[in-house]
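Scroll down for the structure; my scribbles are underneath it.
The values are calculated or read from the model by the stated rules, or taken from the named source; none is laboratory data. Quantities reported herein were computed from a predicted structural model and do not represent experimental measurements. Reconstructed Cβ throughout: ideal geometry from the backbone, glycine too, with neighbour counts over all protein chains shown. The accessibility values were calculated without ligands, DNA or RNA, using every heavy atom of the protein model including side chains. Shrake-Rupley method; radii C 1.70, N 1.55, O 1.52, S 1.80 Å.
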Amino acid sequence: MRVTKAQAEQNRAHIVATAARLFRERGYDGVGVAELMAAAGFTHGGFYKHFRSKADLMAEASASGLSQIAARTEGLGPAEFVESYVSREHRDGRGDGCTIAALSGDAARQPADLKTEFAAGIENLLTALQAQSDTPGEADPREARTRVIDMLAHSVGAVMLSRACPDGSPLADEILDVCRKELLASLAHDNSDQPAAPKAEA
């Protein structure tokens, strides 16, 4: 039976979503094309109707996952982001979690095309975070960007270190608890250092 263009697009999107989840769970080298296609409900042979290579799918799945975390971050203040991100729920939910925390180590060993997708995705996430963290009266946007980069790097690093420990390890929880506490304290300190917004005249 002939597949319509709309159905083909839906099939491709489903493969990309399945790949994004499996890559986050197992890494780029932890799942093959045949297993990935089976998980999506398709035959191995159908893969090349949609993608030239596994590398192409890796780049597209990564871009999709990175755009999802940026979209989920919109509307979250810095403290809300830290509470959600540096958490045991996020640590344990690798397949549904952040692509940056799950795959940055793998991406560092991949070709430039995939690294380019990561750079764009990280930039979009930084933009979303900075939009929620800008403080009235702040003169230098570079300082705000510096704080957001620092917050994201510490948050990602905390999750990655925690995941490197055995499941149920006391150290895994300790890393998250200490990093979350320190990040929130740093955010509170930054806010207290900012000048108060001028009051409107009556």
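Heavy atoms only, probe 1.4 Å: what % of the accessible area of the stretch 5-192 goes to carbon and sulfur, would you let me know? Spell out each step's value before the answer.
Numbers: 5220 of 9720 Å².
Taking all protein chains in place, the stretch 5-192 shows 54 percent carbon and sulfur surface.
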Discussion item. I'd like the FRET efficiency for ARG145 and ALA79, computed as 1/(1 + (r/R0)^6) with the beta carbon distance as r and R0 of 22 Å, rounded to 0.05.
Written reply: 0.75
Worksheet entry | Estimated dipole of the chain in Debye, rounded to 20 [Cβ of Lys and Arg +1, of Asp and Glu -1, Cα centre] | 1040 debye
Worksheet item: What figure in square angstrom, to the nearest 10, would you give for the accessible area of VAL178 with a 1.4 Å probe?
Response: 80 Å²
Item to complete: List the longest stretch of the chain that has no exposed loop site; here a site is one of the trypsin sites (Lys or Arg not before Pro) assigned by DSSP to anything other than H, G, I, E or B, with at most 11 other Cβ within 10 Å.
Response: 110-198
Response to the item:
Probe 1.4 Å, heavy atoms of protein chains only: per residue, the accessible area of the chain in Å² is 57 Å²
Worksheet entry | Rough spin-label spacing in nm, given labels placed 7 Å along Cα→Cβ, for GLU123 and ALA6 | 3.5 nm
Worksheet item: Hey, got the Cα dimensions of the chain along the principal axes, in Å, largest first?
Response: 71, 46, 29
